[in-house]
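Since every read-out is calculated from the coordinates, none of them should be taken as a lab result. A quick note: this is a predicted structure, and the numbers were derived from the prediction, not measured. For neighbour counting, all protein chains shown are included, and Cβ atoms are generated from backbone atoms with ideal geometry for every residue, glycine included.
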Amino acid sequence: MSDRFRITLAQLNPTVGDLAGNAAKARAAWEEGKAAGADLVALPEMFITGYQAQDLIVKPAFVAAAQAELAALAEACADGPALSIGGPSVGEDLKLHNSYFVLQGGKIASVVHKYFLPNFNVFDEVRLFSRDRMQGPVAVNGVRIGMPICEDAWYPDVVEALEESGAEFILVPNGSPYFRDKFETRLNHMVARVVESGLPLIYLNMVGGQDDQVFDGGSFVLNRGGVPAVQLPIFDEVISHVDLERGDDGWHALNGDFTTHPDAMEQDYRVMVTALRDYMAKTGFKKVLLGLSGGIDSAIVATIAVDALGAENVRCVMLPSEYTSQGSLDDAKAVAENLGCRYDFLPIGKTREAVTETLAPLFEGTQPDLTEENIQSRIRGLLLMALSNKFGEMLLTTGNKSEVAVGYATIYGDMAGGYNPIKDMYKTRVFDCCRWRNANHRGWMMGPEGAVIPEAIITKPPSAELREDQKDSDSLPDYPVLDGILEILVDEDGSIADCVAAGYDRADAKKIEHLLYISEYKRFQSAPGARLSKRAFWLDRRYPIVNRWRDPS
Ligand SMILES: Nc1ncnc2c1ncn2[C@@H]1O[C@H](COP(=O)(O)OP(=O)(O)OC[C@H]2O[C@@H]([n+]3cccc(C(=O)O)c3)[C@H](O)[C@@H]2O)[C@@H](O)[C@H]1O
Ligand SMILES: Nc1ncnc2c1ncn2[C@@H]1O[C@H](COP(=O)(O)OP(=O)(O)OP(=O)(O)O)[C@@H](O)[C@H]1O
Ligand SMILES: NC(=O)CC[C@H](N)C(=O)O
């Protein structure tokens, strides 16, 4: 029996439903591992199907196709290292499991089933899969490896059982999506497992965007006592060979690749870029367009789009009305010029006159109000969608988390669009994010360096410009107050009393609570967007649309 074991970690980006494509990526990683003399090439959780496949996973034909792909992969990888890969399986109990397969010698040599099925925030695994009994380690080239699947390693039980049944080290395959500062959470759990079991632990995550979620990679290896030996980059696809040596006191990982991670703002920005880039690539779109108003939200969305797709794939459209200020016209043009993307000018005045004239007989005797304001937003939505249809460009929608929370957007107007990169970023953070992007440039950004967002856009008071001299602060508390209250009500699930205790005005908190509840119907019909927090609107927070309850505290 050898006292060295080489494991090739394949921190790769699968696509949900692309069974053949995912298998091809696994095969290519296996070839690299084989060339490097690996004993085992490891891929993340549910790699063959992509993650999360949601209800696709309960369709028997899909599971059968994934099984066939795994069998073919086993045959193709018969002569060389073992290959471990996540996928669905139907167990002896005839139930569906989230499983991890070891392929070796042309067949499926072992299968383990996930025990702890996550059923919180974006996860519904109890609904999709069955839990199996805890299983022992899997032997690969004579070495017994414990393979707890993602959530299995977030509690002591499974790793403890693996250690008691003879595991020599632990390999955790993951499908662990980003939220801000999640790396620390993962690391704390894994250090706890290493300290409890006394075994080295290899944590392997996937990368890439899937709908709202981004898997951020950041795979790592810990030695006994929780001492780090390897840390892979976040967000990048990487194949890394990790060597373990057996000594008198068991296995020990040798120090390998070690990358330090960027700060939370950079990670958030990278998530928004990755989410959009992968949403586009994986759905088959190449180009986007958006309404560029001269305001901060559309400016940051245009910047994210250029960083994700390249300036040649982004069309910015200014659709001015009589209320559009010269400042907005200048600022919008400056952003498009700075980014180097196409800028179109499409005044909405004539369309608005036509709509007003058409409605006049029915509106006779009524006074102009929000209706007329929203018509402008809807004309912009209509024209932008016409461009989208004609040129095959997907429309981006630009509401930040503060606006999405209180319904400060026109349904079927500026809410039109297929994807919203800033859906989970509060307005106050959007300001910081613009400053960060103006001051920082990285190799993964396809846009130009420098202060692409003019300072005037960052400093002027936000306005929807739907009527004369309109400011967001006419309808809403100032953004620092709005965001402070929303963080308590949404992100912390706090009460009105909690808002008051934090120093906010009770009337403001009550108003925001009301707006939050009455705009659930808008969010239900809103575009998906990049998830940055543990409380993003969609799967993390599922509220009834009809809801009469109001917090009396
Ligand atoms: N529970 C429910 N289920 C289904 N539908 C429901 C509903 N409650 C209202 N509705 C319908 O929704 C309609 C009202 O929604 P909507 O037409 O959107 O209009 P509404 O929410 O009344 O007004 C839009 C608000 O967003 C602001 N805005 C607009 C555009 C851009 C920006 C910005 O700064 O980004 C801000 C604008 O100043 C205004 O305060 C009603 O006509 C009603 O029929
Ligand atoms: N004059 C305009 N030209 C092009 N698009 C516009 C125009 N006005 C609004 N939009 C679109 O509608 C969205 C909502 O913009 P609005 O100005 O009403 O408020 P906002 O949420 O503060 O956004 P922004 O900061 O981008 O202005 C904008 O982000 C933009 O995509
Ligand atoms: N795939 C999973 O089990 C996800 C849950 C897991 N604990 C996480 O990292 O978020």
| remark: Counting only DSSP beta bridges with both partners in region 4-261, the antiparallel fraction in percent, to the nearest 5, comes to 75 percent
| task | Could you state the angle between the C-alpha long axis of helix 326-339 and the longest principal axis of the C-alpha atoms of the chain, as a value from 0 to 90 degrees rounded to the nearest 10? | result | 30 degrees
| message | What lysines does K34 reach when the alpha-carbon gap must be under 24 Å and sequence neighbours fewer than 8 apart in one chain are set aside? | response | K25, K107
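Would you mind computing the Rg to Rh ratio of region 485-547 from its alpha-carbon coordinates, Kirkwood style for Rh?
Details: Rg = 12.3 Å, Rh = 12.5 Å.
That ratio is 0.98, to two decimals.
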| query | P(r) for region 148-227: what percent of alpha-carbon pairs falls in each 5 Å bin, starting at zero? | reply | 3, 16, 28, 25, 14, 8, 5, 1
| query | Considering amide H positions built from the backbone, and no H for Pro or chain starts, which residues 5 or more places from S84, or on another chain, come under 5 Å of its amide H? | reply | V41, A42, L43, L103
| request: Note down the nm distance, to one decimal, between modelled labels 7 Å out along Cα→Cβ at A71 and at K534. | output: 4.3 nm
| said: Can you compute 3J(HN,Hα) from phi for each residue in region 425-441, using the Karplus curve 6.51 cos²θ - 1.76 cosθ + 1.60 with θ = phi - 60°, rounded to whole Hz and x for Gly and Pro? | reply: 10, 5, 4, 4, 6, 4, 4, 4, 5, 4, 5, 4, 5, 5, 9, 9, 9
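Take every DSSP beta bridge whose two residues both sit in the chain, then give the antiparallel share in percent to the nearest 5.
So the antiparallel bridges in the chain amount to around 60 percent.
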| message | On a straight-distance basis, which aspartates and glutamates could pair with K287 in a cross-link, Cα separation under 14 angstrom, same-chain partners fewer than 8 positions away excluded? | response | D278, D307, E312, E393
| query | Dividing the alpha-carbon radius of gyration of the chain by 2.2 N^0.38 Å (N being the number of residues), what value is obtained? | reply | 1.07
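Please report, in cubic angstrom per residue, the volume enclosed by the convex hull of the alpha-carbon atoms of region 4-261. Write out the running numbers ahead of the final one.
Values: hull volume 28.4 nm³, N = 258.
Enclosed volume per residue, from the Cα hull, is 110 Å³.
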| request: Using only Cα atoms, find the angle between the long axis of helix 264-283 and the longest principal axis of the chain, and express it within 0 to 90 degrees, rounded to the nearest 10. | output: 90 degrees
| query | Got a sec to turn the phi values of region 505-514 into Karplus ³J(HN,Hα) couplings, 6.51 cos²θ - 1.76 cosθ + 1.60 with θ = phi - 60°, whole Hz, x for Gly and Pro? | reply | 5, 4, 4, 4, 4, 5, 4, 5, 4, 4
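Could you tell me which of the pairs K282/K390; K427/K510; K59/K286; K390/K427; K460/K522; K114/K423 are separated by over 24 angstrom between their Cα atoms in the structure shown? Walk me through the intermediate numbers first.
On the way: K282/K390 21 Å; K427/K510 20 Å; K59/K286 30 Å; K390/K427 32 Å; K460/K522 27 Å; K114/K423 32 Å.
Distance filter (> 24 Å) returns K59/K286; K390/K427; K460/K522; K114/K423.
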| field | Rounded Å value of the spacing that divides the Cα centres of region 10-88 and region 243-275 | value | 22 Å
| query | Taking neighbour Cβ counts within 10 Å as the exposure measure, how do K510, K286 sort from fewest upward? | reply | K286, K510
| task | Mind pulling the angle between the C-alpha long axis of helix 182-197 and the longest principal axis of the chain? Nearest 10 degrees, somewhere in 0 to 90. | result | 20 degrees
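Could you please report the charge total around S463, scoring K, R as +1 and D, E as -1 over all other residues with beta-carbon less than 11 angstrom from its beta-carbon? If you can, show how the numbers build up before the last one.
Details: positive: K460, R467, K471; negative: E465, E468, D469, D472, D474.
Residues near S463 contribute -2 overall.
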| note | Taking placed amide H atoms and a strict 5 Å upper bound, the residues 5 or more places from R144 or on another chain that come that close are E168
| query | Using θ = phi - 60° and the Karplus curve 6.51 cos²θ - 1.76 cosθ + 1.60, what whole-Hz ³J(HN,Hα) does each residue of region 46-56 get, with Gly and Pro shown as x? | reply | 6, 5, 5, 8, x, 9, 8, 7, 6, 6, 4
| request: Starting from the amide H of K423, placed 1.01 Å from N in the peptide plane, find each other amide H under 5 Å away whose residue is 5 or more places distant or on another chain. | output: A530
| Around L292, what is the net charge, scoring Lys/Arg as +1 and Asp/Glu as -1 over all other residues with Cβ under 14 Å from its Cβ? | -4
| Estimated 222 nm signal from helices in the chain, with DSSP H stretches of n ≥ 4 weighted -39500 (n - 2.57), rounded to 500 | -11500 deg cm²/dmol
